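S.K.: Structure provided below as structure tokens; questions to follow.
The values are calculated or read from the model by the stated rules, or taken from the named source; none is laboratory data. All of these numbers come straight from a predicted model, not from anything done at the bench. Note that we place each Cβ from the backbone using ideal geometry, even for glycine, and neighbour counts take in every protein chain shown.
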Amino acid sequence: MQTFGRVIKIHDTDNVAIALSELLPEEQIPAGSGGEKEKAHSRDSEILMARDRIPAGHKIAWTDISCGENLIKYGYPIGHATRDIRRGSWVHTHNVKTNLEGFREYRYSSDLEKQGLPEKENPAFESAGPCPVFQGYARAGGKVGIRNEIWILPTVGCINGTAERLAQMARSRYEKRGIDGIFAFSHPYGCSQLGGDLKHTQKILSGLIRHPNAGGVLVLGLGCESNNLAEMKKALGVLPENTAFMNLQDVPDEIGEGMAALETLVQRAERAKRQPVPVSRLKIGLKCGGSDGFSGMTANPLIGMVSDRLVSLGGTVILTEVPEMFGAETILMDRCISRSVFDQVVHLINDFKSYFIRYGQTIYENPSPGNKEGGITTLEEKSLGCIRKGGTSPVMDVLRYGDPATAAGLNLLNGPGNDLVSSTALAASGAHLILFSTGRGTPFGCPVPTVKIAANTSLAEKKPDWIDFNAGVLLAGLSAEQAADQLFDLICRMASGEETRNEENGYREIAIFKDGVTL
């Protein structure tokens, strides 16, 4: 990135720049000596004059752009001009249209497989060696947790109230018993569901039941639902030893028996103590929401640097939001470790496009109104910024919705762009915490710590009770390496028990993907 007064040009080949703060008509910007095309438009190519009011985070034309010509940002096309755009003009939805439409052919061109990249081996749990460490909890089967909580999970929405009541009573009774908290995760599903929807519910609940951040789990069933306890246990397969099950229709006093079950779970969980764990054991989910024009310049590439660092140490990162890969998917495909992984990515992309078409929706009906207000114009622009969270590491595996992440390195997970649905999916796939970038802000949290990273300083200052880290400092002169060091240190502290803002606020929810008939 190169700064010219109050605008930034991200890549040398870009024909647009980004306003750091609002630009007013006829405001002059020192633009340096651009390319030959730029020099042809002005005797003084050192000056770029704004022709329109251009909001912060929005694009200004760096050169004259002809109708039909591609707009270039991040070094890639983000759409084409629908009219002639003069140098210094505001570039947005009124004069730009996406280049994306329908399906496309993909060609396997990755040479990573030919390079024979060595597989990284995670360090043994007993010895951290030179790898940085955090203070975590050892779990059965060699798993590691970063929290020691008790979770209450209803199999069906009919008993959400009972789950919440038990959690509230247990918190008042056990809050000083050596555990990090007791939480119920309500949802409206499990009854009258069929086919894929029922499987989605079971896969997400199974992933949460097995999650190592929970030192104990109480699974509540009603008794007459599609997702009854017997079916839920089938979906789980091997039942975790720290899990209790209770059918409310089968007991005379569900509150009394529920509290007794929680007492047993708490007694077991409180014996766990934090101990040094290499960061190679961390699994981190990557998510963005409420993105703006700065997200792809600050927060997302910063997360990408941290992702690459964790992968280099043998850790695992999980990138989701498939619709926000559209237009940038070939960048990920070119980084696939094998032809098999490439084929899975192709299916991942095309299957989600088919989902849109099945419901008669436009595949590229994106970005959201908030994204556009923040300066994002097309889906290509949004996607190119979004995937920067995945850094530059090879794509090692592709996960279906609800599948656990088992391969170290960068994984792609099937999930929508919706914040809570995709964050829940990341948690169910085993993410210990989620790095969540945002340019416009959101307070929500999912079952695991949800680290909010502001793309701009204005948001960080306006919503300090929402934001954990301010990536806007990158626009004020802090080097990317320094910011990455700070964020990596924060992750290690939070993995060791320091609370995120969503934990401090008590904001924890789940949402499950639905695609089908409800009886």
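S.K.: Report the residue count in the range 363-401 for those that are farther than 30 Å from Arg53 by Cβ and not acidic (Asp, Glu).
M.R.: 14
S.K.: Only one residue in Gly506, Gly441, Gly516, Gly445 is over 30 Å from Ala56 (Cα atoms) and touching a residue at least 24 places away in the same chain (Cβ under 8 Å). Which one?
M.R.: Gly516
S.K.: Oh, and also: Is it true that Leu478 is modelled with pLDDT under 95, over 25 Å from Gly136 (Cβ atoms) and assigned by TED's automatic domain parsing to the domain that holds Gly390?
M.R.: Values: modelled with pLDDT under 95: yes; over 25 Å from Gly136 (Cβ atoms): yes; assigned by TED's automatic domain parsing to the domain that holds Gly390: yes.
It is true that Leu478 is modelled with pLDDT under 95, over 25 Å from Gly136 (Cβ atoms) and assigned by TED's automatic domain parsing to the domain that holds Gly390.
S.K.: Give Leu384, Leu410 a once-over and let me know the one that is assigned by TED's automatic domain parsing to the domain that holds Ser437, farther than 23 Å from Ala511 by Cα, outside any loop (DSSP other than H, G, I, E, B) and touching a helix residue (DSSP H, G or I) at 6+ places or on another chain (Cβ under 6 Å). Break it down into steps so the answer makes sense when it comes.
M.R.: Working: Leu384 fails: touching a helix residue (DSSP H, G or I) at 6+ places or on another chain (Cβ under 6 Å).
When all the criteria are applied, what remains is Leu410.
S.K.: So, one more: State whether one or more residues within the range 197-214 are modelled with pLDDT under 95, of a type in the set (S, T, N, Q) and surrounded by 16 or more Cβ atoms within 10 Å (Cβ to Cβ).
M.R.: no
S.K.: Among the residues of the range 459-468, is any on the phi < 0 side of the Ramachandran plot and touching a residue at least 60 places away in the same chain (Cβ under 8 Å)? Give the derivation first.
M.R.: Of the residues in the range 459-468, the ones on the phi < 0 side of the Ramachandran plot are 459-468.
Cutting the leftovers down to touching a residue at least 60 places away in the same chain (Cβ under 8 Å) gives us none.
Within the range 459-468, none of the residues are on the phi < 0 side of the Ramachandran plot and touching a residue at least 60 places away in the same chain (Cβ under 8 Å).
S.K.: What do you reckon, is Gln267 free of Cβ contacts under 8 Å to residues at least 12 places away in the same chain, part of a helix (DSSP H, G or I) and either touching a helix residue (DSSP H, G or I) at 6+ places or on another chain (Cβ under 7 Å) or not hydroxyl-bearing (Ser, Thr, Tyr) (or both)? First the steps, then the outcome.
M.R.: Values: free of Cβ contacts under 8 Å to residues at least 12 places away in the same chain: yes; part of a helix (DSSP H, G or I): yes; either touching a helix residue (DSSP H, G or I) at 6+ places or on another chain (Cβ under 7 Å) or not hydroxyl-bearing (Ser, Thr, Tyr) (or both): yes.
Spelling it out, Gln267 is indeed free of Cβ contacts under 8 Å to residues at least 12 places away in the same chain, part of a helix (DSSP H, G or I) and either touching a helix residue (DSSP H, G or I) at 6+ places or on another chain (Cβ under 7 Å) or not hydroxyl-bearing (Ser, Thr, Tyr) (or both).
S.K.: Additional query: If you go through the range 359-380, how many residues are assigned to a helix (DSSP H, G or I) and in contact with a helix residue (DSSP H, G or I) (Cβ under 9 Å, 6 or more places away or on another chain)? Even if it seems obvious, please write down each step before you answer.
M.R.: Step one: filter the range 359-380 for residues assigned to a helix (DSSP H, G or I), giving 369-373, 379-380.
Checking the rest, the ones that are also in contact with a helix residue (DSSP H, G or I) (Cβ under 9 Å, 6 or more places away or on another chain) come to 371, 379.
The number of residues fulfilling the criteria is 2.
S.K.: List pairs: first residue in the range 329-356 and outside the structural domain of Ala407 (by TED's automatic domain parsing), second residue part of a helix (DSSP H, G or I) anywhere in the structure, Cβ distance under 8 angstrom, at least six positions apart or on different chains.
M.R.: Once the first residue is outside the structural domain of Ala407 (by TED's automatic domain parsing) and sits in the range 329-356, no partner that is part of a helix (DSSP H, G or I) comes close enough.
S.K.: Quick one: count up the residues across the range 288-300 that are at pLDDT 95 or above and surrounded by fewer than 23 Cβ atoms within 10 Å (Cβ to Cβ).
M.R.: 0
S.K.: Note down all Cβ pairs under 7 Å where the first residue falls in the range 181-200 and is in the same structural domain as Ile159 (by TED's automatic domain parsing) and farther than 30 Å from Arg171 by Cα, the second is hydrophobic (A, V, I, L, M, F, W, C) and part of a loop (DSSP other than H, G, I, E, B), and they're at least six residues apart or on different chains.
M.R.: Going by the 7 Å Cβ cut-off, the qualifying pairs are Ser192/Leu519; Leu194/Val517; Leu194/Leu519.
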